[in-house]
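First comes the structure, then the notes that go with it.
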Amino acid sequence: MLKSFGGNVIVRGRRLQWQAATGYGKRALIETAIGRYKASIGRRLRARSFAAQQAEIAIGCTILNRMLACGRPDSVRCQARQA
């Protein structure tokens, strides 16, 4: 089975290689981050000047990062016991 994405033909079973070669997973992560920002901070900027818009985005990103850090567990590697 063949699929066509943007002029590239992909043979079935090689989708993961195509995603790795084209950076498709990075695009999905970016779209998720933008959607998360818009859902929690808002869909539009309220500031009028460019400098104020930059400050508003920086504050929004800082808030979003703090909220995500609160929900992220702290992982600690445990040593295996020897019997």
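Residues that are touching a Ser or Thr at 6+ places or on another chain (Cβ under 9 Å) and without any contact (Cβ under 8 Å) to a residue 60 or more places away in the chain occur in segment 38-60; there is at least one. Within segment 29-74, which residues are touching an Asp or Glu at 6+ places or on another chain (Cβ under 6 Å) and of a type outside the set (Gly, Ala, Ser)? Scanning segment 29-74 gives a single hit, 45.
If you go through segment 11-51 and pick out every residue that is among the hydrophobic types (A, V, I, L, M, F, W, C) and surrounded by 12 or more Cβ atoms within 10 Å (Cβ to Cβ), you end up with 5.
Residues are listed down the side, and each one gets a yes or a no for (1) at pLDDT below 90; (2) in a helix (DSSP H, G or I):
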{"residue": "17", "(1), (2)": "yes, yes"}
{"residue": "20", "(1), (2)": "yes, yes"}
{"residue": "35", "(1), (2)": "no, yes"}
{"residue": "43", "(1), (2)": "no, no"}
{"residue": "54", "(1), (2)": "no, yes"}
{"residue": "68", "(1), (2)": "yes, yes"}
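The values are calculated or read from the model by the stated rules, or taken from the named source; none is laboratory data. As the structure is a computational prediction, the values presented were derived from the model and not from experiment. With ideal geometry, Cβ positions are generated from the backbone for all residues, glycine too; neighbour counts draw on all protein chains shown.
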